[in-house]
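Participant: Handing you this structure, nothing more for now.
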Number of protein chains: 2
Amino acid sequence: MNKGRVTVVDIAHAAGVSKSTVSLVLQGSPLVNEATRAKVNAVIRDLGYVYNRAAANLRQTASSKIVGIVVNDLTNSFFAELAVGVDMVVQSAGYVQFLANTAESVTRQGEVIASMREHGISGLVISPARGTEAADLKPLVASGIPVVVVVRNIAGAKVSSLISDNRAGARAAVEHLAGLGHRRIAFLGGFPDTAVFDERRVGYREGLAAAGLEVANDLIAGSAPSRAGGVDAVQRALLLADRPTAALCFNDAVAFGVCDGLRSRRMEPGVDFGVVGFDDVIEAKTAVPALTTISVDPQGMGQRAAQLLMKQINAGKPEPEALTGAVRLVVRQSCGAGAKRQEWRSAV
Amino acid sequence: MNKGRVTVVDIAHAAGVSKSTVSLVLQGSPLVNEATRAKVNAVIRDLGYVYNRAAANLRQTASSKIVGIVVNDLTNSFFAELAVGVDMVVQSAGYVQFLANTAESVTRQGEVIASMREHGISGLVISPARGTEAADLKPLVASGIPVVVVVRNIAGAKVSSLISDNRAGARAAVEHLAGLGHRRIAFLGGFPDTAVFDERRVGYREGLAAAGLEVANDLIAGSAPSRAGGVDAVQRALLLADRPTAALCFNDAVAFGVCDGLRSRRMEPGVDFGVVGFDDVIEAKTAVPALTTISVDPQGMGQRAAQLLMKQINAGKPEPEALTGAVRLVVRQSCGAGAKRQEWRSAV
DNA sequence: TGACAAATTTGGATCGATCCAATTAAGTCA
DNA sequence: TGACTTAATTGGATCGATCCAAATTTGTCA
């Protein structure tokens with residue numbers, strides 16, 4: 001008994017052919033006679049044979065049919081959806097994915113990438129942890145494995161990237177709020193030392209400038225990019241002498257927190273204060289009030305990233321491409337667009 | 001050039017030793033002399049050698065250091081956190097995880113399990129898709145691979161399971177609401193054809209009985225187990241002649257939807273209507289009002305499931321165990337416990 | 001029927017790391 | 001120094017599937 005494991009040799013023996021023939025059947029070669037093919041397939045089914053990919057991949061000509069996906073925070077539904085998008089494409093291409101969560105730890109990220117390399121991934125989609133540098137991906141890229149960076153860019157890394165158009169999105173949001181009559185528009189939440197924060201802040205400023213509004217630094221209040229952070233940020237903003245009447249939030253989680261914070265001060269989002277989020281997570285649509293936000297479609301983004309990766313894997317030699325994901329403003333209730341026109345003044 | 005790939009033989013040649021010695025160094029054997037070990041390690045670093053796990057696993061004595069995790073809906077943050085919990089344990093045990101999302105498709109689930117088998121996983125944690133039968137896992141268990149089923153049980157499958165104590169949780173929630181003075185308590189949301197729904201409904205009935213309340217079937221309103229489903233379910237419940245004044249919801253997502261639905265009818269959750277969720281997802285704590293719910297701790301559950309799996313992998317022969325996860329009632333605002341005592345009557 | 005082409009089948013070498021038995025080097029002691 | 005133990009190293013076989021060149025069978029036509 002070979003530990004219960006059935007191999008090509010066992011199949012060959014039982015079917016009365018050579019292992020080479022069995023191998024040809026396995027890969028659906030047209031060289032093999034229909035009658036033998038049928039017989040071999042029957043034996044395969046009878047013996048409960050399981051193909052051993054690891055053994056096949058040993059030949060250097062073969063590729064592993066495994067891709068890695070590394071995300072910085074899977075508990076954030078944005079990234080969970082991103083992973084689902086990748087999974088969909090990867091699965092239908094006959095690949096499987098190694099998924100690892102780094103929880104924003106560059107150390108752990110290094111470990112999982114090393115482990116994935118040892119397991120022979122043929123490509124990697126990564127949403128890097130905060131503080132990731134080009135050097136962290138260097139060995140991977142050097143060995144010719146295609147890498148697609150999503151969501152957060154890494155300066156100087158010679159890899160493909162798929163980043164959503166944060167600047168244009170933020171700008172559109174601010175212009176929309178200005179169009180509704182708001183004069184004091186805050187930018188709430190997010191860690192100021194990240195590239196994404198930077199891009200959105202630039203867009204925020206552009207939007208203000210385009211609307212002929214003054215840019216005041218006290219209207220920018222960073223925080224953790226979470227619901228709790230949003231509560232915190234809006235509370236600080238409301239302490240200002242000259243209060244904002246609306247806010248663009250770093251992301252949807254922050255925006256929900258801002259709504260919570262407003263309510264705890266007896267202000268109703270979309271009525272007493274305009275709120276715009278960023279990302280358009282699934283809950284944005286069904287929340288009350290429904291969240292006006294910049295739609296990024298994380299699942300679609302995951303799909304595009306995976307498609308790009310697949311293209312590069314098949315191409316053999318990866319040619320870095322930098323794509324930007326289109327974003328669009330989705331107007332719902334939280335910005336107050338439906339409410340009757342009024343002058344937005346700081347309530348006392 | 002071997003396609004740039006560095007192997008043990010290359011290392012051996014460069015270090016002036018045999019491949020056997022290199023292999024011993026790789027596995028940290030005490031048999032090798034310190035001086036040679038140092039030299040070999042230096043060469044390994046210099047040449048940028050990457051260990052090839054697939055090749056090593058080819059020997060039948062070795063195990064793959066890969067586990068699979070299959071979830072039915074990764075976009076649901078409950079399962080995303082479960083996956084994170086599994087990932088934590090698995091990573092620190094030096095394993096990597098194949099993660100696949102089935103989106104409740106039994107067909108896809110079958111495909112991914114087959115694919116994982118071909119890649120030689122040494123264990124599987126699975127939250128099965130709706131409609132999964134014992135037969136779907138049969139070949140896997142037959143080949144001696146440990147399987148841990150989480151969240152949803154599969155009748156008749158000879159595998160280990162880790163299911164949270166749905167009955168006790170639901171019962172505690174209902175007794176709590178009854179203790180607050182509620183007489184008409186609804187059970188909202190969830191698909192009625194699932195085991196989890198069944199268990200929670202049993203607990204709901206037990207709770208009503210224990211409080212001496214009548215069990216009325218019209219107070220049970222199923223729906224999709226999502227935020228949108230919650231909105232829908234509460235709206236139907238409020239159309240009843242004899243309206244409920246509180247509800248136990250199938251899960252937290254439904255509970256949030258119920259809050260949304262109440263607000264859209266100008267009722268405030270925790271004031272005009274008592275709401276209790278199930279699962280205790282991260283947002284439950286920070287939502288406004290904070291959600292009273294049954295805490296299941298999905299991340300901890302993932303960890304326990306992974307630990308159980310690891311134990312079985314190391315044990316060699318998997319001995320099926322059925323564990324139930326403890327749950328506890330977390331009282332926050334949405335149930336109205338903080339509000340001043342009053343008679344709960346159906347508001348007109 | 002023999003010569004030749006086309007269709008099938010096959011043994012052996014190969015991928016990269018591990019394991020075993022066997023060999024060599026170093027150390028100990030009478 | 002020789003006999004012996006202990007430490008360190010090594011060649012070859014092995015895992016399971018693939019690939020190649022070579023062998024075998026079948027088919028075609030003069």
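The values are calculated or read from the model by the stated rules, or taken from the named source; none is laboratory data. None of these values were measured; they are calculated from a predicted model. Cβ atoms come from the backbone with ideal geometry, glycine included; neighbour counts cover every protein chain shown. SASA here: full protein model, heavy atoms, side chains in, ligands and nucleic acids out. Shrake-Rupley method; radii C 1.70, N 1.55, O 1.52, S 1.80 Å.
Participant: Give me the accessible area per residue for the protein assembly as shown, probe 1.4 Å, as a whole number in Å².
Facilitator: Numbers: 30180 Å² over 696 residues.
Per residue, the protein assembly as shown has 43 Å² of solvent-accessible surface.
Participant: Assuming R0 = 25 Å, can you tell me the calculated FRET efficiency for the pair A:Arg130 and A:Lys311, based on Cβ-Cβ distance, to the nearest 0.05?
Facilitator: On the way: r = 28 Å, r/R0 = 1.14.
That pair, A:Arg130 with A:Lys311, gives E of 0.30.
Participant: Label B:Leu31 and B:Asp272 with points 7 Å out from Cα along Cα→Cβ: what is the distance between them in nm?
Facilitator: 7.8
Participant: Can you work out ³J(HN,Hα) from phi for every residue in segment A:182-193, in order, using Karplus 6.51 cos²θ - 1.76 cosθ + 1.60 and θ = phi - 60°, giving whole Hz and x for Gly and Pro?
Facilitator: These are the phi-based 3J(HN,Hα) values: 6, 10, 10, 10, 8, 10, 10, x, x, 7, x, 9 Hz.
Participant: If you roll a 1.4 Å probe over segment B:8-51 with all protein chains in place, what percent of the accessible area is carbon or sulfur? It would help to have the intermediate numbers written out before the result.
Facilitator: On the way: 1530 of 2680 Å².
C and S atoms contribute 57 percent here.
Participant: Okay, next question. Percent relative contact order of segment A:8-51, based on C-alpha pairs within less than 8 angstrom and at least six residues apart?
Facilitator: Values: 29 pairs, mean separation 17.4, N = 44.
RCO, segment A:8-51: 40 percent.
Participant: In terms of modelled amide H atoms, which long-range or inter-chain residues lie less than 5 Å from the amide H of B:Ala247?
Facilitator: Hits under the 5 Å cutoff: B:Ala186, B:Gly274, B:Val275, B:Val276.
Participant: Something else about it: Any idea of the total accessible area buried by the B-A contact, 1.4 Å probe, rounded to 100 Å²? Before the final figure, lay out the partial values.
Facilitator: Numbers: alone 17090 and 17130 Å², together 30180 Å².
The buried area between B and A, both sides summed, comes to about 4000 Å².
Participant: Take A:Ala216, project a point 7 Å from its Cα along the Cβ direction, then tell me which residues of segment A:266-282 have their backbone nitrogen under 17 Å from it.
Facilitator: Within reach of a label on A:Ala216, which here means backbone N under 17 Å from a point 7 Å along Cα→Cβ, segment A:266-282 contributes A:273-274.
Participant: Using modelled backbone amide H atoms (1.01 Å from N, in-plane), which distant-in-sequence or interchain residues come within less than 5 Å of A:Phe98's amide H?
Facilitator: Residues meeting the criterion, in which the H sits 1.01 Å from N, are A:Val67, A:Gly68, A:Ile69.
Participant: Next up: Taking chain A as a Gaussian network, where each spring joins two C-alpha atoms under 10 Å apart, which residue of A:His13, A:His182, A:His119 fluctuates the most?
Facilitator: A:His13
Participant: Based on the Cα gyration tensor of segment A:175-255, what are the three equivalent ellipsoid semi-axes, each the root of five times an eigenvalue, rounded to whole Å and given largest first? List each step's numbers first, then the result.
Facilitator: On the way: eigenvalues 71, 44, 22 Å².
Working through the eigenvalues yields semi-axes of 19, 15, 11 Å.
Participant: In whole Å, how far is the Cα centre of segment A:45-64 from that of segment B:142-218?
Facilitator: That distance is 44 Å.
Participant: Which residues, if any, in segment B:218-248 have at least 40 Å² less accessible area in the whole protein complex than in the isolated chain, probe 1.4 Å?
Facilitator: B:Arg227
Participant: Using the structure shown, select from A:Lys65/B:Lys19; A:Lys65/B:Lys39; A:Lys65/A:Lys138; B:Lys19/B:Lys311 the pairs with a Cα to Cα distance greater than 24 angstrom.
Facilitator: Details: A:Lys65/B:Lys19 28 Å; A:Lys65/B:Lys39 35 Å; A:Lys65/A:Lys138 22 Å; B:Lys19/B:Lys311 33 Å.
From A:Lys65/B:Lys19; A:Lys65/B:Lys39; A:Lys65/A:Lys138; B:Lys19/B:Lys311, over 24 Å: A:Lys65/B:Lys19; A:Lys65/B:Lys39; B:Lys19/B:Lys311.
Participant: Got the A:Ala337 label distances to the other copies yet, label 7 Å along Cα→Cβ, in nm, shortest first?
Facilitator: Relative to the other copies, A:Ala337 has label-point distances of 4.1 nm.
Participant: List the residues whose amide H sits under 5 Å from the amide H of A:Ser161, counting only those 5 or more places along or on another chain, with H placed 1.01 Å from N in the peptide plane.
Facilitator: The answer is A:Val149, A:Glu321, A:Ala322, A:Leu323.
Participant: Also, quick follow-up: Sort shortest first the distances from A:Lys317 to its counterpart in every other copy, using label points 7 Å along the Cα-to-beta-carbon line, and give them in nm.
Facilitator: Copy-to-copy label distances at A:Lys317, shortest first: 5.7 nm.
Participant: Considering only protein heavy atoms and a probe of 1.4 Å, how much of the accessible area of segment B:212-273 is carbon and sulfur, as a whole percent? Walk me through the intermediate numbers first.
Facilitator: Values: 1190 of 2330 Å².
The nonpolar share, carbon plus sulfur, comes to 51 percent.
Participant: Given the options A:Val22, A:Val276, A:Val96, which has the most mean-square fluctuation in a GNM of chain A, springs set between C-alpha atoms less than 10 angstrom apart?
Facilitator: In the Gaussian network model the winner is A:Val22.
Participant: Given N residues in segment A:197-331, what is its alpha carbon radius of gyration divided by 2.2 N^0.38 Å?
Facilitator: Working: Rg = 17.7 Å, N = 135, 2.2 N^0.38 = 14.2 Å.
The reported ratio for this selection is 1.25.
Participant: Another question, then. Placing the label point 7 Å from Cα along the Cα-to-Cβ direction, what are the distances from A:Leu239 to the equivalent spots in the other copies, shortest first, in nm to one decimal?
Facilitator: 4.9
Participant: Right, another one. Round to the nearest 0.05 the FRET efficiency obtained for B:Ala209 and B:Leu323 when R0 = 25 Å and r is the Cβ-Cβ distance.
Facilitator: On the way: r = 27 Å, r/R0 = 1.09.
The formula returns an efficiency of 0.35 here.
Participant: Turning to a different aspect of this structure: Multiply the residue separation of B:Phe191 and B:Val106 by 0.36 nm, subtract the distance between their alpha-carbon atoms, and state the gained length in nm to one decimal. Walk me through the intermediate numbers first.
Facilitator: Details: separation 85, 0.36 × 85 = 30.60 nm, distance 1.66 nm.
Taking B:Phe191 through B:Val106 to full extension adds about 28.9 nm, to one decimal.
Participant: Rounded to two decimals, what is Rg over Rh for segment A:8-51 when you use alpha-carbon atoms and the Kirkwood radius?
Facilitator: Numbers: Rg = 9.0 Å, Rh = 10.0 Å.
We get a ratio of 0.90 for segment A:8-51.
Participant: To the nearest 10 degrees, how steeply does helix B:252-263 sit against the main Cα axis of chain B, on a 0 to 90 scale?
Facilitator: 30
Participant: Per residue, how much space in cubic angstrom lies within the convex hull of the C-alpha atoms of segment B:126-172? Before the final figure, lay out the partial values.
Facilitator: Details: hull volume 3.4 nm³, N = 47.
In segment B:126-172, the Cα convex hull volume per residue is 72 Å³.
Participant: I would also like to ask the following. Using only alpha-carbon positions, what ratio does the radius of gyration of segment A:249-300 give when scaled by 2.2 N^0.38 Å? Before the final figure, lay out each step's value.
Facilitator: Details: Rg = 10.7 Å, N = 52, 2.2 N^0.38 = 9.9 Å.
My calculation over the Cα atoms of segment A:249-300 gives 1.09.
Participant: Tell me the angle of helix A:195-210 to the major Cα principal axis of chain A, expressed in degrees between 0 and 90 and rounded to the nearest ten.
Facilitator: 40
Participant: Using the Karplus curve 6.51 cos²θ - 1.76 cosθ + 1.60 with θ = phi - 60°, work out ³J(HN,Hα) for each residue of segment A:213-218 in order, rounded to whole Hz, and write x for Gly and Pro.
Facilitator: Per-residue couplings from phi come out as 9, 6, 9, 10, 5, 6 Hz.
Participant: How much length, in nm to one decimal, is gained on full extension between A:Val202 and A:Leu47, taken as 0.36 nm per residue of separation minus their Cα-Cα distance? All intermediate terms of the calculation are to be shown ahead of the outcome.
Facilitator: Numbers: separation 155, 0.36 × 155 = 55.80 nm, distance 6.35 nm.
Gain in length upon complete extension: 49.4 nm.
Participant: While we're looking at this one, here's another question. How big is D, in µm² s⁻¹, for chain A by Stokes-Einstein at 37 °C and 0.692 mPa s if Rh is the Kirkwood radius over C-alpha pairs? Kindly include the intermediate steps, with their values, before the conclusion.
Facilitator: Details: Rh = 22.8 Å.
For these conditions, the coefficient is 144 µm²/s.
Participant: Among A:Ser264, A:Ser64, A:Ser334, which one moves the most in a GNM of chain A with springs linking Cα atoms closer than 10 Å?
Facilitator: A:Ser264
Participant: ³J(HN,Hα) across segment B:23-39 via Karplus (A = 6.51, B = -1.76, C = 1.60, θ = phi - 60°), whole Hz, x for Gly/Pro?
Facilitator: Result, rounded to whole Hz: 4, 4, 4, 4, 9, x, 5, x, 6, 8, 4, 4, 4, 5, 4, 4, 4.
Participant: Continuing with this model, one more query. Where Rh denotes the Kirkwood radius from the mean inverse Cα pair distance, what is Rg over Rh for the protein assembly as shown?
Facilitator: Numbers: Rg = 28.3 Å, Rh = 27.7 Å.
Reported Rg/Rh, Kirkwood definition of Rh: 1.02.
Participant: What number, rounded to the nearest 500 deg cm²/dmol, is the helix-based mean residue ellipticity at 222 nm of chain A, given -39500 (n - 2.57) per DSSP H run of at least four residues and division by all its residues?
Facilitator: Working: 13 runs with 149 residues, N = 348.
So the calculated ellipticity at 222 nm is -13000 deg cm²/dmol.
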